[in-house]
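Read the figures in this text as sums done on the coordinates, not as results from a lab. Predicted model, so just to flag it, every value in this text is computed and none were measured. When we count neighbours, we look across all protein chains shown, and the Cβ atoms used for this are built from the backbone with ideal geometry, even at glycine.
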Amino acid sequence: MWFKKKLTPAYLLNVFYPYLLITPAIIFVLVALLYPLLESFRISFYSYSLQYPIRFIGLGNYRRALNDPLFWRSFVVTCYFTVAVVVAELLLGLGLALLLNRDLKGRSLMRSLILAPLVLTPVVAGLMFRFMYNPDYGILDYFLSLVGLRFLWVSSSSTALLSVILIDIWEITPYPTILFLAGLQSIPLEQYEAAEMDGASRWQRFRHVTIPWLIPFVVLYLIVRTSDAFQIFDMIFALTGGGPAGVTRSLSIYSWLQGWTNLEFGYASAVSYVLVAFSAVFAIVYVRILRARVEV
Amino acid sequence: MSAPINKALLGLTLIAIVLSVAALAYTLWVANQVLPTIAGMKTFMAEYEKKLKLTEPITFGSWTGPEGTDIYIIANDLVPRYMAETGAKVHHEIVSRDIFREKLAGSLIAKSGEYDVIWVPTEWLPELADYIEPLDDFMAKHSDIVSPGFEEWLNDCPALKYSYVGGKLLFFPVSGYDTVLLFYRTDLFKKYGIVDEAGNPKPPQTWEEYLDVAKKLTVDEDGDGKIDIYGTALFGKTPESIAWDYIYYLWSFGGEIFDPETYKVTINSPEGIEALAYFSDLLQKHHVVPEGVLTYEFPEVYAAFQTGKIAMCIQWQAAYPGWSDPETSPLIYDKFSYTLCPGKRLPDGTIRRVTIGHQWGVILNKYSVHKLAAYKFMEWLMLKENQKRLALGYGVCGSYSAMIDPEVVAKYGHFQEVLAEQYKYTRLWPLTTVTHKIIISIATHSQEALAATLTPKEALDLCADEIETYLKEAGYLS
């Protein structure tokens, strides 16, 4: 009978075996990722300062964030940072990818050197540059002093954010480089040959063959990198802690300060979710604007 | 039944009765011997178990400093000595300064027993009181493990009064009362003529003199157009170091954070603004501090003085042992001295000196599962011989008697005299449940003035608004 056949042990094992194999991963995701996400979202609706009774305040934390000048200053810092690093890394990454795609002597060594910073964690990069940027003992100012220059790097409010951006560019540019290099190497050579036969110049080949083929990679890079840059935390934490005078205080740093320094976990969660909302909006905008170009 | 059988039965019955009585008597005799032993064994086992509990492994969490010379002594001398003496196991986890508060306070608030004993400053006590085991109650409950005379001995600690919150003893003041002093290079003072009639270095007494001296000592010694030595330095770093610097400028200029009676916020009073203007002008207008002071805190000021980059500084007393060591400070160990911090000259001619101070010590985690062992470790740190060891390495400790021990005085005599004098002008942060938030707010906004992104008035107005919000939320202000 089909009914009995369906419920044989062998049949059940066949059906459920794949799920059994992925169960540990699902449990991990639920416990380590989903539960904290949901719980932090829940407490964002509470006045969850550990010094006072916890109470439900609805959108109170979100209203507080939107009326908090420090929140908006952190938002502006985050936007400056994101735009600067995303654009700079895109252009630099494309340039390096084009360079590495050529048949040059020492290409392997160049690749290794260019890609090396990516293996560092952001915290390590931040700590490394904290010493290198020191205006009194740092190696960078030592070399600058040999040519009569001096730069305060993260010791001045006018140069600190730029100094942070430079570190991020140095560390993360290898990522778009690899991505665009993969893209370049996936372009069929026939496209270039056909364009050359049609009399296209080098620039025209780049504009009408290379760029269109790279657009999906650019979209992917923009979505991933914008979201990533918007959430910048660890490198700034190690390097400046958000100072001086808050000029490097990103939204993530601000959320951490509220949560772990002021022990206001409800408000910190709300700031984090506003950050998530902005990231989601940017991702949707990118996909909408650039999807048409990808489909074409 | 026949008569012989009856007699036999009777005989057997009598024998059985005698044997029973004998057995009963024997049982009672055995019980009389054994029961006390059982009871004794129970007592022995209970005591043995308690002794085992006293030597259970515990985790002691502290920060690294580096102005934690006392922690260095505890880690390298006292903890190993405790383990050797008692057979107990202490895992001393030293947490990076950057995340010290987050990790240790966070573990308390999470009601985790991860740390049994935690190294904290007094200003954290009101905020974390609900998560700390009251030590007076604990000692009363476990009086059998409290060392004889220990409670009376605690009164030897001058800072014990800061260890109470809500009438409960929460804290053993292991380390000495910390404060800042003015340290200065005697050779540079002489070289640039900042001396008295007898030719001895003349350190500044007022803020006006301090600025004058700082200007004179900001010099380009080799004539290459670059400043080689700055007059002084500041703690300019956030999240909180700058607040610990600015606060005594605020107080000595006559300002207050808030009225102690009404809690009305007054940090943005004219005195507060004047103090912040003076503080930030040291960098922005007079350029008598290194350009990188926005990133300076204890280690940077320590290194700057140690390497001759600054001629004087207001620095925590913890710097003294390292600076006076010829091995670690060969350039300056015999070329510096120290005195009281400058203050504000008042119309009547007196000088209003005020410095910030605080007290480090240990608390017992309310959620620790090794409280007996943790308490014994805390108590051991407070014993006189161990306090003396701390004082010999650090200059100060929690116990007054240990500090005035002849051996300690012989090593640190003059330093202790100056410190004792400075203590008269030392204040702690006002102890509220939002003190830490107030410190962060002051740090955030005073750095904005120091960096000239806001004027002193704008910065302090923002600061005042924030502090007022915190005090209202905490119920100090209606």
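Shielding of peptide A:239-249 by partners, expressed as the average count of other chain Cβ atoms within 10 Å per residue Cβ, is 6.
For region B:446-463, putting each phi into the Karplus relation 6.51 cos²θ - 1.76 cosθ + 1.60 with θ = phi - 60° gives couplings of 5, 5, 4, 6, 4, 7, 6, 7, 9, 6, x, 5, 4, 4, 6, 5, 4, 4 Hz, in residue order, rounded to whole numbers and with x for Gly and Pro.
For the peptides B:335-348, B:236-249, what is the packing order when you average, over each peptide's residues, the other Cβ atoms within 10 Å and list the highest mean first? Write down the numbers at each step before the final one.
Numbers: B:335-348: 17.6, B:236-249: 24.2.
Output ranking for B:335-348, B:236-249: B:236-249, B:335-348.
Look at the dipole of region A:4-151 built from charges on Cβ: of A:GLY60, A:LEU37, A:PRO135, the Cα furthest out on the positive end belongs to A:LEU37.
Residues of region B:374-405 falling in the label zone of B:LYS50, defined by backbone nitrogen less than 19 Å from a point 7 Å along Cα to beta-carbon, are B:374-380.
Report the charge-dipole magnitude of the protein assembly as shown in Debye, nearest 20, computed about the Cα centre from +1 at each Lys and Arg Cβ and -1 at each Asp and Glu Cβ. Display every interim value, and only then the final one.
On the way: 64 positive and 78 negative charges, 598 e Å.
Here the size comes out at about 2880 debye.
The packing ranking of peptides B:412-420, A:177-185, highest mean first, is A:177-185, B:412-420, where packing means the average number of other beta carbon atoms within 10 angstrom of each residue.
Separation of region B:424-478 from region B:112-142 is 26 Å, based on Cα centroids.
Taking amide hydrogens as placed 1.01 Å from N in the peptide plane, the amide H of B:HIS92 sits under 5 Å from those of B:PHE60, each at least 5 positions away in sequence or on another chain.
Work out which helices of chain A, taken as complete DSSP H runs, extend at least 20 Å along their axis over the Cα atoms and score a mean Kyte-Doolittle of 0.5 or more, then list them. Spell out each step's value before the answer.
Numbers: long enough: A:9-28 (28 Å, 1.46); A:69-100 (45 Å, 1.90); A:211-230 (27 Å, 1.50); A:265-295 (44 Å, 1.34).
Span-like helices in chain A: A:9-28, A:69-100, A:211-230, A:265-295.
Distance from the C-alpha centroid of region A:115-191 to that of region B:205-220: 39 Å, rounded to the whole angstrom. For region B:210-300, the extents of the C-alpha atoms along the principal axes are 56, 26, 15 Å, listed from largest to smallest. Answer with one residue from B:ALA110, B:TYR162, B:PRO204: the one whose Cα lies farthest towards the positive end of the charge dipole of region B:107-230, charges on Cβ with Lys, Arg +1 and Asp, Glu -1. Farthest along the dipole direction, towards plus: B:PRO204.
What size of dipole, in debye to the nearest 20, comes out for chain A about its Cα centre when the only charges are +1 on Lys and Arg C-beta atoms and -1 on Asp and Glu C-beta atoms? Could you put the intermediate results ahead of the total?
Working: 22 positive and 16 negative charges, 153 e Å.
Charge dipole of chain A: 740 debye, to the nearest 20.
The distance between label points at A:LEU120 and A:ALA182 comes to 2.4 nm (points 7 Å beyond Cα on the Cα→Cβ vector). Spatial offset of region B:388-404 relative to region B:88-105 amounts to 23 Å, using the alpha carbon center of each. Put simply, the amide H of B:VAL354, placed in the peptide plane, has neighbours under 5 Å in B:SER252, leaving out anything fewer than 5 places away on its chain. Relative contact order of chain A, taken over Cα pairs closer than 8 Å and 6 or more residues apart, is 27 percent. Other residues with beta-carbon under 15 Å from the beta-carbon of B:LEU383 carry, at +1 per Lys or Arg and -1 per Asp or Glu, a net charge of -3. Of the three principal axes defined by the Cα atoms of region A:63-129, the extents in descending order read 58, 25, 16 Å. Phi angles across region B:104-121 convert, under the Karplus curve 6.51 cos²θ - 1.76 cosθ + 1.60 with θ = phi - 60°, into 3J(HN,Hα) values of 6, 5, x, 5, 5, 5, 6, 6, 8, x, 4, 10, 8, 10, 10, 8, 9, x Hz, Gly and Pro given as x. In terms of packing, defined here as the mean over residues of other Cβ atoms within 10 angstrom, the peptides A:144-151, B:211-218, A:234-241 line up highest first as A:234-241, B:211-218, A:144-151.
The overall shape of chain A, judged from the alpha-carbon gyration tensor, is oblate: a/c is not under 1.5, and a/b is no greater than b/c. Straight-line reach from B:LYS371: taking Cα to Cα under 24 Å and skipping same-chain neighbours fewer than 8 places apart, the lysines in range are B:LYS42, B:LYS50, B:LYS51, B:LYS53, B:LYS89, B:LYS103, B:LYS111, B:LYS141, B:LYS161, B:LYS168, B:LYS384.
Let's see if you can work this out: charge +1 on each Lys and Arg Cβ, -1 on each Asp and Glu Cβ, no other charges. What is the dipole magnitude of chain B about its Cα centre, in debye to the nearest 20?
Dipole about the Cα centre, nearest 20: 1800 debye.
Just from its helices, what would the mean residue ellipticity at 222 nm be for the protein assembly as shown, if runs of 4 or more DSSP H residues each count -39500 (n - 2.57) and the sum is divided by every residue, rounded to the nearest 500 deg cm²/dmol?
Values: 35 runs with 429 residues, N = 774.
Calculated from helices alone, the mean residue ellipticity at 222 nm is -17500 deg cm²/dmol.
Couplings for region B:290-296, taken from phi via the Karplus curve 6.51 cos²θ - 1.76 cosθ + 1.60 with θ = phi - 60°, read x, 5, x, 4, 4, 10, 8 Hz in order; Gly and Pro are left as x. Positive-end ranking of B:ALA214, A:GLY106, B:GLY308 along the dipole of the protein assembly as shown, with charges on Cβ about the Cα centre, is headed by A:GLY106. Divide the volume of the convex hull around the Cα atoms of the protein assembly as shown by the residue count and you get 330 Å³ per residue. With R₀ set to 30 Å, the beta-carbon distance separating A:GLU190 from A:ASP103 gives a calculated FRET efficiency near 0.95.
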